Amino acid sequence: MSEKPLKAYHVGEGSEGEHVIVFATSGAAGRRQGGNELNLEFEEVQFCRRAPWADEFAGQRFIPAKAYHDNGWWLFCNHCETRLYEDAEDDDGNCRELVYDGQHAYCDQGCKDTHEQDIANANAKGEAFKAKALQERPYLTFTKWSIGWPRITQSAEYTFPGGKYGGSVRDEGDGQLNWYIAQADQEAWNAFRAQQAA
Ligand SMILES: [Zn+2]
């Protein structure tokens, strides 16, 4: 194998700034890559140093939240965005029962459950929107659904016989469907509807 192995680098903006772990074949490449991810110019990157603890995650989809904690990083709760340290305590000084789930960490089981419930609710709203749209206008061909978590506004795009651009339908969150048609397709739409009514 002539390809150099990927190594983990800890790239940071400075003690107050953002930090990230990147995988690269050299420090210079790691600095560039980390700078890109943090939206910094090459010179703005304060430091780039090896992070051997993360080497084993090269090529993986993510670094587990637990591994970050084990190596002194802090994280945000994936639900309420509280800062979580590995040895976090609650207001009474008890050690928090942090919950880890892959790349995410939560304050406790309650935060994880609420987060999952939020996702389930958002997805259910998306499915309800889809069912309603299909029921209201079954004669359309829906081409793209943008529904479910993490969206608040549900929407879909559609075409119809004779239409060039088609239209869209949205629910801004109040459960009402608002239908739109491309202006250039208004005539084709009128013709299509007239034909349907006939
Ligand atoms: Zn939380």
The stretch 62-107: mean projected area of Cα convex hull, nm²: 2.9 nm²
Sparse-neighbour loop sites [GluC sites (Glu not before Pro); the stretch 98-198; at most 13 other C-beta within 10 Å; DSSP]: GLU172
Debye log10 I(q)/I(0) for the stretch 1-60, one point scatterer per Cα, at q = 0.16, 0.18, 0.19 Å⁻¹: -0.44, -0.54, -0.60
With eigenvalues of the C-alpha gyration tensor scaled by 5 and rooted, the stretch 1-156, Å: 37, 25, 14
Between helix 109-136 and the chain: long-axis angle, C-alpha atoms, 0 to 90°, nearest 10: 20 degrees
Principal-axis tilt of helix 186-197 within the chain, Cα atoms, nearest 10 degrees: 60 degrees
Pairs of lysines in the chain (C-alpha under 25 Å apart; 8 or more residues apart or interchain): 9
Per-q log10 I(q)/I(0), the stretch 96-198, q = 0.17 Å⁻¹ (Debye; single scatterer per alpha-carbon; no solvent): -0.80
Angle in degrees between helix 27-37 and the longest Cα principal axis of the chain, rounded to the nearest 10: 40 degrees
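Just so you know, all these numbers are worked out from the coordinates, no wet-lab data involved. For clarity, every value in this text was computed on a predicted model and none was experimentally measured. We place every Cβ from the backbone using ideal geometry, glycine too, and count neighbours over all the protein chains shown.
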